[in-house]
There are 2 protein chains.
Amino acid sequence: MAKLVGGIEAGGTKFVCLVGSSPDDIRAEIRFPTTHPQETLTKAVQFFKEQEEKLGEKIEAIGVACFGPIDLNPSSPTYGYITTTPKPGWAHTPVVKPLHQMLGVPVAFDHDVVVAGIGEGKWGAAQGLKDFIYLTIGTGIGGGVIISGKPVHGLVHPEIGHIRIPHDLQKDPFPGACPYHGDCFEGLASGPAIEKRWGKPGHQLPVEHPAWEIEAEYLSLAVYNLILTLSPEMVILGGGVMQQLQLFPRIRQRVLALLNQYIQSPAILENIDSYIVPPSLGNRSGGLGAIAIAQQIIE
Amino acid sequence: MAKLVGGIEAGGTKFVCLVGSSPDDIRAEIRFPTTHPQETLTKAVQFFKEQEEKLGEKIEAIGVACFGPIDLNPSSPTYGYITTTPKPGWAHTPVVKPLHQMLGVPVAFDHDVVVAGIGEGKWGAAQGLKDFIYLTIGTGIGGGVIISGKPVHGLVHPEIGHIRIPHDLQKDPFPGACPYHGDCFEGLASGPAIEKRWGKPGHQLPVEHPAWEIEAEYLSLAVYNLILTLSPEMVILGGGVMQQLQLFPRIRQRVLALLNQYIQSPAILENIDSYIVPPSLGNRSGGLGAIAIAQQIIE
């Protein structure tokens, strides 16, 4: 039987903590706002301790799906830290160490998007697949790349949100919102980019608003590039912006047009509806992924 | 001691066959034009048989770095075939089967760029690295993606040459030369694209010709995207166009400018000269990579 573990989705806005062993065995869940690091981490620890007592069962490991940037180099003195975030109070903050000290169990740690991808691969949309991509389009754009069942880190880690894609200034004169790169993918297609371009947030724009055609174009160009670069078996698109479900059929159609029959795979040509998909674990991809990586380190 | 094997770089223009076990132990080499499949493959087989006799030693496996598209699905009835190539006589041609039948040894088989990347990883520029990219810019543009020491195939295989990158039509009104995608990366930056844009082939254009600034721009945008998508430890740029060595400093400088300090890695910020590099096995990357994959299947 899968062991009882804790999962933390440590987001910049809120923390989600789960106790369980799988989507069918969630014993407890709590959500609370991300405040000061010590306060927030202590609250998570208290929750896990209370649940252990209540359940009369030991939590054997903790997994953390963490907002970034984070230090993942095991030989670095700041391994397990959040590093240079602009989020007040959180720059250069250890996450793994205090959790390990307060709970006395192994702590697995990775980027929020990567862990959400692992969750979707273990129990969600990409169950059974070895090579897939999980993209989240929200306040920022991030991507988890899973190859041969494992997240790609490489030199540092992928930063898919900042790739450059064609930007037709006649159709969309918006200069882009990325402080580093202007009109990179994130600068053109993140939630804040939509809000800056149209003067109101996406969730206030109707389904037929021209915003969504432009948004679908950038998402399609990025997904197209990822398909050609990584040849994934599936592309999962999550995050706040993708709550606009009308984007999915537009993206699928446009990606097919961009590919122009170049990739001769039935998974794409005949089954695009199950190739470019929303996450199937809903708002629990990150928390369940955290449970999955917690189980991995004690297996 | 490493076993004696044969390596074939099966290109669309020429075949290169090597017998040996490493770059320091090349026992024989032959280069001949790619003509009809049966004639060409028989010539390779004859060469290997002659060398076995001459050396008094058995060649224990063959590796093939093959031009594509090829079928790499081991459960497919056409595994080891060249599939839909426009090259006369070569469409739907078995490569692995006749070599195996005529030589009676195991045959390893993969894309030319992937195998060249494996060669550079085993003995060349990327020796000891686990995650890197080998791009070839010539008649076409192709990329081998190595993650955790293994080539990425995924659903089909990467087709990095066809990603979309920004194309400033005012600076470069050339519409692109790709029959599928017009101004994709290959459509803008391959050897034929250079020739179409300027009316003469790249090797006839002087070092100070504006062609090279435009070429460096597209190569930089593509390399930038690959860095953000895969976080490689190194990017190797090979192929005929990269014989223009003046491109390297331009690309390194432009990639740094595009990144704009976003990726905080000393490998990039302080050592860009050894991060974006030419192949170090010269015109033997493919042949030596073929030797490497031949050794892998018998190990």
Next item on the list: Go through segment B:58-72 and give me each residue that's touching a residue at least 40 places away in the same chain (Cβ under 8 Å), surrounded by 14 or more Cβ atoms within 10 Å (Cβ to Cβ) and part of a loop (DSSP other than H, G, I, E, B).
Entry: B:59, B:60, B:61, B:67, B:68, B:72
Notebook entry, point to check: Looking only at residues in segment B:268-280 that are over 12 Å from residue B:237 (Cα atoms) and among the aliphatic types (A, V, I, L, M), which one is surrounded by the most Cβ atoms within 10 Å (Cβ to Cβ)?
Noted result: B:268
Item checked: Near pairs, Cβ below 6 angstrom, 6+ apart or cross-chain, from segment B:35-57 (under 16 Å from residue B:9 (Cα atoms) and in the same structural domain as residue B:103 (by TED's automatic domain parsing)) to any residue that is among the aromatic types (Phe, Trp, Tyr) and in a loop (DSSP other than H, G, I, E, B) -> B:37/B:90
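Just name the residue that is nearest to residue A:90 (Cα to Cα) out of those in segment A:1-30 that are basic (Lys, Arg) and assigned to a strand (DSSP E or B). I'd like the intermediate steps shown before the answer.
Taking segment A:1-30 and keeping what is basic (Lys, Arg), we get A:3, A:14, A:27.
Subset that is assigned to a strand (DSSP E or B): A:14, A:27.
Numbers: A:14: 13, A:27: 29 Å.
Looking at the filtered set, the residue picked out is A:14.
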Checklist line | Near pairs, Cβ below 6 angstrom, 6+ apart or cross-chain, from segment B:218-230 (more than 7 Å from every other protein chain (Cβ to nearest Cβ) and more than 16 Å from residue A:147 (Cβ to Cβ)) to any residue that is open to solvent by less than 10 Å² (accessible area, probe 1.4 Å) and not in a helix (DSSP H, G or I) | finding: B:222/B:165; B:223/B:235
Check: residue A:137: open to solvent by less than 20 Å² (accessible area, probe 1.4 Å), farther than 22 Å from residue A:283 by Cα and in contact (Cβ under 8 Å) with a residue 60 or more places away in the chain, yes or no?
Finding: no
Next item on the list: Could you grab me the full set of residues in segment A:283-299 that are surrounded by fewer than 17 Cβ atoms within 10 Å (Cβ to Cβ) and either under 17 Å from residue A:142 (Cα atoms) or among the hydroxyl-bearing types (Ser, Thr, Tyr) (or both)?
Entry: A:283
Next item on the list: Please give the number of the condition residue A:236 fails out of (1) within 29 Å of residue A:120 (Cβ to Cβ); (2) surrounded by fewer than 22 Cβ atoms within 10 Å (Cβ to Cβ); (3) more than 10 Å from chain B (Cβ to nearest Cβ).
Entry: (2)
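Which count do you get for residues in segment B:115-124 that are aliphatic (A, V, I, L, M) and open to solvent by 10 Å² or more (accessible area, probe 1.4 Å)?
1
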Notebook entry, point to check: Out of (1) assigned to a helix (DSSP H, G or I); (2) out of contact with any helix residue (DSSP H, G or I) (no Cβ under 7 Å at 6 or more places or on another chain), what's the single condition that is false for residue A:245?
Noted result: (1)
Check: When the residues of segment B:249-290 are filtered to those that are under 30 Å from residue B:20 (Cα atoms) and in a loop (DSSP other than H, G, I, E, B), which remaining residue is farthest from the other protein chains (Cβ to nearest Cβ)?
Finding: B:281
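For segment B:34-77, how many residues meet the condition of being among the small types (Gly, Ala, Ser), under 21 Å from residue B:90 (Cα atoms) and modelled with pLDDT of 95 or more?
If we filter segment B:34-77 for residues that are among the small types (Gly, Ala, Ser), which is where we start, we get B:44, B:56, B:61, B:63, B:65, B:68, B:75-76.
Checking which are under 21 Å from residue B:90 (Cα atoms) leaves us with B:44, B:63, B:65, B:68, B:76.
Now restrict to residues that are modelled with pLDDT of 95 or more: B:44, B:63, B:65.
Of the residues in segment B:34-77, 3 are among the small types (Gly, Ala, Ser), under 21 Å from residue B:90 (Cα atoms) and modelled with pLDDT of 95 or more.
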Next item on the list: Run residue B:136 past the list (1) under 18 Å from residue B:297 (Cβ atoms); (2) under 14 Å from the mean Cα position of the chain (by Cα); (3) of a type in the set (S, T, N, Q) and report the number of the one that doesn't hold.
Entry: (1)
Next item on the list: Could you grab the pairs with beta carbons closer than 9 Å, sequence gap of 6+ or different chains, first residue in segment A:177-197 and farther than 17 Å from residue A:209 by Cα, second one crowded, with 17+ Cβ neighbours inside 10 Å and among the basic types (Lys, Arg)?
Entry: A:177/A:197; A:181/A:164; A:183/A:164; A:184/A:164; A:185/A:164
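Which one of B:140, B:161, B:104 is at pLDDT 95 or above, under 28 Å from residue B:41 (Cβ atoms) and assigned by TED's automatic domain parsing to the domain that holds residue B:195?
Working: B:140 fails: at pLDDT 95 or above; B:104 fails: assigned by TED's automatic domain parsing to the domain that holds residue B:195.
It is B:161.
Given the condition within 11 Å of chain A (Cβ to nearest Cβ) and under 27 Å from residue A:188 (Cβ atoms), answer yes or no: does some residue in segment B:189-205 qualify?
Just the residues of segment B:189-205 that are within 11 Å of chain A (Cβ to nearest Cβ), to begin with: none.
Within segment B:189-205, not a single residue is within 11 Å of chain A (Cβ to nearest Cβ) and under 27 Å from residue A:188 (Cβ atoms).
Of all residues in segment A:195-219, which are in a helix (DSSP H, G or I), over 15 Å from residue A:248 (Cα atoms) and either open to solvent by 30 Å² or more (accessible area, probe 1.4 Å) or hydrophobic (A, V, I, L, M, F, W, C) (or both)?
First, the residues of segment A:195-219 that are in a helix (DSSP H, G or I): A:195-198, A:202-204, A:211-219.
After this cut, where a residue has to be over 15 Å from residue A:248 (Cα atoms) as well, the list is A:195-198, A:202-204.
Matches in segment A:195-219: A:195, A:196, A:197, A:198, A:203, A:204.
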Next item on the list: Specify which of the listed residues (B:189, B:222) is touching an Asp or Glu at 6+ places or on another chain (Cβ under 7 Å), of a type in the set (Gly, Ala, Ser), modelled with pLDDT of 95 or more and buried (at least 23 other Cβ atoms within 10 Å of the Cβ).
Entry: B:189
Notebook entry, point to check: Among all residue pairs at least 6 apart or on different chains, which show Cβ distances below 7 Å where the first residue, located in segment A:251-268, is on the phi < 0 side of the Ramachandran plot and the second is in a helix (DSSP H, G or I) and at pLDDT below 95?
Noted result: none
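Out of segment A:175-194, which residues are outside any loop (DSSP other than H, G, I, E, B) and either small (Gly, Ala, Ser) or over 21 Å from the mean Cα position of the chain (by Cα) (or both)?
Keep residues of segment A:175-194 that are outside any loop (DSSP other than H, G, I, E, B), which gives A:178, A:182, A:185-189, A:191-194.
If the condition is that a residue be outside any loop (DSSP other than H, G, I, E, B) and either small (Gly, Ala, Ser) or over 21 Å from the mean Cα position of the chain (by Cα) (or both), then A:182, A:187, A:189, A:191, A:193 are the ones that fit.
The values are calculated or read from the model by the stated rules, or taken from the named source; none is laboratory data. Because the structure is predicted, anything quoted here is derived from the model rather than measured. Cβ sites come from the backbone with ideal geometry, for glycine too, and all protein chains shown count toward neighbours. The accessibility values were calculated without ligands, DNA or RNA, using every heavy atom of the protein model including side chains. Shrake-Rupley method; radii C 1.70, N 1.55, O 1.52, S 1.80 Å.
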